[in-house]
Amino acid sequence: MADLQKLSTDPDRFICIYPAFINSKKTIAEGRRISVEKAVQNPTCVEIADVCRANKLNAIIEGDKMYTRELNRDVQYRGRVRVQLRNEDGSPCVDKITSRKSLLFRIAEDIPKLKTRTQKTGGGDQAVQVEGSKKSKKKKK
């Protein structure tokens, strides 16, 4: 019985989700797995893990890992999330999420609803101020 319990919580059996899979700024060649319309702009592995945990899935962040197709080595693009999609008997952990693709769609749908995403929208007025300060130049004869 203890061996069955160990199998269900073994992180090596979890699926890997990299932020590039749902990043709308990436191309399919760069690793995006869903359509641009449904993808999210620059998701992080912390946001992905938060959404997975909110959907009652077991998620582990591995911050030192990098996606092989990622050319940029910045800290922003590092990390992956391991998610337990199925139990040891093969049944899905959550009835609504039965495949990797359905999990990616759910993550991309829920990330814009996170508090960290909704609070960052306050700085949009700067572009208007910069444009309004332009002066017209006239040639002197």
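The values are calculated or read from the model by the stated rules, or taken from the named source; none is laboratory data. The structure presented is a predicted model; accordingly, all values stated were derived computationally and were not measured. Glycine gets a Cβ as well: all are built from the backbone with ideal geometry, and neighbour counts include every protein chain shown. Side chains are part of the model used for accessible areas, which takes the heavy atoms of the whole protein and leaves out ligands, DNA and RNA. Shrake-Rupley method; radii C 1.70, N 1.55, O 1.52, S 1.80 Å.
Here's the yes/no breakdown for (1) at pLDDT 90 or above; (2) among the small types (Gly, Ala, Ser); (3) assigned to a helix (DSSP H, G or I):
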{"residue": "Val81", "(1), (2), (3)": "yes, no, no"}
{"residue": "Arg106", "(1), (2), (3)": "yes, no, yes"}
{"residue": "Thr118", "(1), (2), (3)": "no, no, yes"}
{"residue": "Glu131", "(1), (2), (3)": "no, no, yes"}
{"residue": "Lys140", "(1), (2), (3)": "no, no, no"}
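Applying the criterion of being in contact with a Phe, Trp or Tyr (Cβ under 8 Å, 6 or more places away or on another chain) and touching a residue at least 24 places away in the same chain (Cβ under 8 Å) to the residues of the stretch 19-44, the residue that is most open to solvent (accessible area, probe 1.4 Å) is Lys38.
Could you tell me whether the stretch 62-69 includes any residue that is assigned to a loop (DSSP other than H, G, I, E, B) and β-branched (Val, Ile, Thr)? There is at least one residue in the stretch 62-69 that is assigned to a loop (DSSP other than H, G, I, E, B) and β-branched (Val, Ile, Thr).
Here Lys56 meets the list (1) at positive phi; (2) open to solvent by less than 50 Å² (accessible area, probe 1.4 Å) almost entirely, failing just condition (2). Which residues, taken from the stretch 83-104, are under 22 Å from Arg32 (Cβ atoms) and assigned to a loop (DSSP other than H, G, I, E, B)? Residues satisfying the conditions are Leu85, Thr98, Ser99. Contact annotation: residue pairs with Cβ atoms under 9 Å, 6 or more positions apart or on different chains, pairing a residue in the stretch 99-110 that is in contact (Cβ under 8 Å) with a residue 12 or more places away in the chain and within 21 Å of Asn87 (Cα to Cα) with a partner that is polar (S, T, N, Q) and open to solvent by less than 70 Å² (accessible area, probe 1.4 Å), are Leu103/Asn55; Arg106/Asn55; Ile107/Asn55.
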